[in-house]
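The values are calculated or read from the model by the stated rules, or taken from the named source; none is laboratory data. As the structure is a prediction and not an experimental result, all values here were calculated from the model. Glycine gets a Cβ as well: all are built from the backbone with ideal geometry, and neighbour counts include every protein chain shown. With ligands, DNA and RNA removed, areas are computed over all heavy atoms of the protein, side chains included. Shrake-Rupley method; radii C 1.70, N 1.55, O 1.52, S 1.80 Å.
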Amino acid sequence: MQWNIKTQAAATVIGLIAPLMWGASVSLVRTVAENFGIAQGQCLLYVVAAVVLFFIVGIPKFEKIPWQYKTIGLITANLSSITFCLALYFSDGGTQTMEVGMVNYLWPTLTIVFAILFNGQKARWWIAPGALLSFCGIYWILGGGHIAVGSFIEHVRANPISYFLGLMAALTWSSFSSMTRAWSKGENMSTVNFFLDMLIFGAFWALGIGGSPEITSLGVLSVIFGGIAMAVAYASWTHGMSYGNITILAIASYFTPVLSCLFASFWLGAELNAAFWQGVGMVVLGSLLCWHATRPSGRN
C-alpha cells in the first residue's frame, strides 16, 4: 500500500517518523558493515530498503520530475548515502562511530544555511551564532572537551577519512533536502535512489572490494532492521519535506543526535563521556537557533 496522504497534518506526522528511524540507523549500519563487509553488507542493506520502499512509495512518475532533480538530485542523494555508509565503516569502534555520526548531524544546520544561500529563505541575525554553535559542538566533541586546536587536530588526524566522509554526507544530504523542496514536484524518488545504491555496492561486491567477516545473527538482524529503518526514514522525510510542515519537522530533526546516542549506548556499547554529551547539546541548541532565525516574523 503506497502512501498517498498529502494533507499537511498527515504529511507532517509521516515526516516525524524519520528522526526516530535515523536515531537507530547509525548503529545498525555500523553493525552491518562489521558483519558482512562494506560492499556485501551495504548491498544487502539496500536490497531490503529498496523492497520496503517499493511497497511504501512505489515508482515515481518520471515525466513529472524536472531534469535537475532526476540528474543532480539523484547523484547528490546517492553520494550522500555512499559517503555516510563509508564514514561509519571506516570509523574505529563504537565511540568513534558516534563521533562520525555527530559530524553528519550538522546537516539540519547546513540545510537552513543552504536554504538562505540558494532558496531565498529569509533569516534574522542570530542565524550566524546558531550555525557557529553547531559547528563548535562538533569541535568540542572531536577535541575531547578541550578548546586547544592541537587536541582537535590530533583527534581528527587519527582517522581523517572517516570524519571527512561524515562531513561530505552532511553536505550532500543538506543539498538534497533543498533540492527536494525546490524540484521534486511532489514526486518521491526514494525507491530509485536506494535501487541505485544497491547497484553501486553490488558492483563493489562483484569487484571483490571490502572484507567478509564472520556472519552473526546480530548482523542478519541489523540488515533487516537497518534496511527497514533507512527506507522508512528516507521515504517519510521526503514525503514530509514535500507536503508537511517544515517548521515542525525541523524541530524534530534537531533531536536526532540525542536519539542516536541513546541507541548507540545500548546497541554498540559506545562509551560517551561528558564532553560528548555537551557537544550534542551544542549541536541541538545551535540548530534550534537556526530554525528560530528563519521563522516568519508574525510568529515570534
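What residue, of Val57, Val51, Val13, Val32, is closer than 26 Å to Gly244 by Cβ, surrounded by 22 or more Cβ atoms within 10 Å (Cβ to Cβ) and of a type outside the set (Gly, Ala, Ser)?
Details: Val51 fails: surrounded by 22 or more Cβ atoms within 10 Å (Cβ to Cβ); Val13 fails: surrounded by 22 or more Cβ atoms within 10 Å (Cβ to Cβ); Val32 fails: closer than 26 Å to Gly244 by Cβ.
On inspection, the qualifying residue turns out to be Val57.
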Q) Is it fair to say Glu99 is among the acidic types (Asp, Glu), open to solvent by 10 Å² or more (accessible area, probe 1.4 Å), in a helix (DSSP H, G or I) and at pLDDT 85 or above? A) no
Q.
Please list, ordered by residue number, the helices (runs of 4 or more DSSP H) wholly in the range 218-300 having 2 or more residues that are modelled with pLDDT of 85 or more.
A. 274-293
Q: Quick one: count up the residues across the range 137-170 that are modelled with pLDDT of 85 or more, open to solvent by less than 60 Å² (accessible area, probe 1.4 Å) and either under 21 Å from Gln68 (Cβ atoms) or not in a loop (DSSP other than H, G, I, E, B) (or both).
A: 7
Q: Just name the residue that is surrounded by the fewest Cβ atoms within 10 Å (Cβ to Cβ) out of those in the range 254-290 that are more than 15 Å from the chain's Cα centre (by Cα) and of a type in the set (Phe, Trp, Tyr).
A: Phe266
Q) Among the listed residues Leu44, Leu20, Leu79, Leu74, which satisfies the condition of being open to solvent by less than 30 Å² (accessible area, probe 1.4 Å) and either among the hydrophobic types (A, V, I, L, M, F, W, C) or not in a loop (DSSP other than H, G, I, E, B) (or both)? A) Leu74
